[in-house]
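The values are calculated or read from the model by the stated rules, or taken from the named source; none is laboratory data. Since the model is a prediction, treat every value here as computed from it, not as a measurement. Here the Cβ positions follow ideal geometry from the backbone for every residue, glycine too, while neighbour counts run over all protein chains shown. Heavy atoms of the whole protein, side chains included, go into the accessibility calculation; ligands, DNA and RNA do not. Shrake-Rupley method; radii C 1.70, N 1.55, O 1.52, S 1.80 Å.
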Amino acid sequence: MKRKAVVAIAAGAFALATLFSACSAPPQPSASSSSSGSAPATARTLRVWAGSTTPITVDFNPFHVDTALYGTYGELYEPLFFFNQLSADAPKPMLGESYEYSADGKTITIKLKSGVKWSDGQPLTADDVVFTMGYGPNKTKKLLSATAPDATTVVLKYSAPQFTSASQLLGSTMIVPKHIWSSITNPAKETNSKPVGSGAYIVKTTSDASYTFAANPNYRDGAPPIPEVQFLGLDSNQSGQDMLSTGQIDWTGMFVANPDAVTGNGVIATMNQQQDPTVITTCADASLGCKGAQTDPAVRQALNLAIDRSAIAEKAFAGLVGPSNPAFVLLPRDQEWLTDQSLASSPQTPQIEQAQQILEAAGYTKDAAGFYGKDGKEINLDLFSPDGWTDYNDAAKLVAESAGKAGIKITARTVSEAEYWTPVTNGDFQLAMYGLTQSIVADPFSNYDQYFNGQGAAKVGDAPTRGQNYSRYANPTVDAAIEAAAATNDAAIKKTEYAKIQAQIAKDLPYIPVVLNASQAFYNTKDFTGWPTNDNLYADPLPYLSVAPAIVLLNLKPAS
């Protein structure tokens, strides 16, 4: 199970009066009282904008990877261990206390913490973990057995070694209560409005405009220092920036072109850890029902060369992003896994002549309007992004502009967030601006397994059967290499398999890299202490991630 996709928020109309009148959460302090510190921080809720737009749809289903509300992963439901993507340190215990691999990597023995309870007071035992591992989308043919020799021990036996899957199995699988979910036969249709979890918080209130978490009275380590957290729904970057600047938001992760404008008052601090690649996701496989010229690899290759990434980085992202790469490794963190230095970066300037050569070699010719086509049909692609994600909206326009110069016709448009996720999930699209989530460990395996594994490729109309293979990409060479990489603990063998994967996905380009996204976190250091710093990156401070925000919340304290 993975965190929610990166949300780059942006423009649209928003009325603060509407927001607060619709909230059922406790009354909020005024902006002036918050920013001045005149109201005791202990007396108020920490307010977060993690990226939700209005109206908020209540969904705390941990199996809804991209649509579950922020805070579902970590604050409400927990994995066994926390893997800090900003650190090479060993994973930290959460529900688990320790784990051990057998020598052949096929058996994992997990020791759980004792005395843990669900938020409804029921005991959390090894039976819950066993149930979770074999439930819903967590099911896998590789899992031969999951047993609980006692209340705090879990033994997982697999048909193949699972060395490379540790972060996914132990750090990204949210443990759910058997006594609740065993009666839910179709988890995909469950919105789980009254979640029973193990995290430090429970859901207190929900509305169209916000939802509030309160301290879980049964949390194993006692009440968290921050007793309540309110997640707001906003519809524009500018609204978020305004509320942050006036003390009405304490914590957010959003694109701000001029961070000094927000941090200048000394109340708000910021951190930018560039991690997640912004891409153009293509519906790539015609045999699975994808329609459009983007199903031709030659068109994707030409588009990849036509993009003016330098212009996008400066004009759409204010120079706050980094270069992406077609190997989908995070550099320099994953340098050891980059197998071909020519794949260290996507082209930063447009290579129009080469793009046109690829199209012409594939049989495309230019029409009178200067656009390429084939068999009398002009390439005419639709590229969409959600309303208000201004950086993505601007990037899409620039992609269309530079593609047009190469003779590839693209129309960029925006849709509501609700109208965005359904076609992306079901494959009813041609091109979509999208933020891939980065591997949570210094190894790109989960990127390959989640987004490029053909086992997850579904027919158009259906959601991916596993992972987030929204492109419906399937390549037998890639699939075999993923399987081989997952089964080895030998770095040399794994790198050989990664070389096969990287060569194929850089050629096929089901996801066309654009930039390494700006991952800006902003947080109130005057009223709350304990935030991660560059000297103590105990967790990523982006509130829209999975699990890491829960770790941050447990480290925060009201400023005295």
Pairwise label distance in nanometres, LYS157 with LYS141, each label 7 Å out on the Cα-Cβ vector = 2.0 nm
Using alpha-carbon pairs under 8 Å, 6+ residues apart, how would you state the relative contact order of the chain in percent?
-> 23 percent
Normalised by the number of residues in the range 78-183, what is the relative contact order in percent for Cα pairs under 8 Å and 6+ residues apart?
-> 30 percent
Checked the range 275-517 against the a/c 1.5 cut and the a/b vs b/c comparison, axes a ≥ b ≥ c from its Cα gyration tensor; verdict rounded
Quickly work out the ASN534-to-ASP120 label distance, labels modelled 7 Å from Cα along the C-beta direction, and quote it in nm with one decimal.
-> 4.8 nm
With a point put 7 Å past each Cα toward its Cβ, work out how far SER183 is from GLU336 in nm, to one decimal.
-> 4.9 nm
Set LYS189/LYS291; LYS204/LYS557; LYS117/LYS194; LYS139/LYS204; LYS141/LYS194; LYS141/LYS459 screened for pairs whose C-alpha atoms are more than 25 Å apart = LYS189/LYS291; LYS139/LYS204; LYS141/LYS194
Given a Förster radius of 35 Å and the C-beta distance between SER310 and ASP367 as r, what FRET efficiency does 1/(1 + (r/R0)^6) yield to the nearest 0.05?
-> 0.75
Consider a paramagnetic label point 7 Å from the Cα of THR349 along Cα→Cβ; state which residues of the range 305-320 have an amide N under 12 Å from it.
-> 309-311
Of SER98, PRO137, ILE180, which is farthest on the positive side of the dipole of the range 78-183, counting Cα position, with +1 on Lys and Arg Cβ, -1 on Asp and Glu Cβ, and the Cα centre as origin?
-> PRO137
For THR191 and ASP260, compute 0.36 nm times the residue count separating them, minus their Cα-Cα distance, and round to one decimal in nm.
-> 20.9 nm
Carbon/sulfur accessible area of the chain, % of total, 1.4 Å probe, equals 51 percent
Mean separation of Cα pairs under 8 Å and 6+ residues apart, divided by the residue count of the range 161-309: what relative contact order is that in percent?
-> 9 percent
Check: C-alpha center the range 204-251 vs C-alpha center the range 336-383, spacing in Å is 45 Å
What dipole magnitude, in Debye to the nearest 20, does the chain give about its Cα centre under +1 on Lys/Arg Cβ and -1 on Asp/Glu Cβ?
-> 660 debye
Mean residue ellipticity at 222 nm from the helices of the chain, using -39,500 (n - 2.57) per DSSP H segment of n ≥ 4 over the full residue count, to the nearest 500 deg cm²/dmol?
-> -7000 deg cm²/dmol
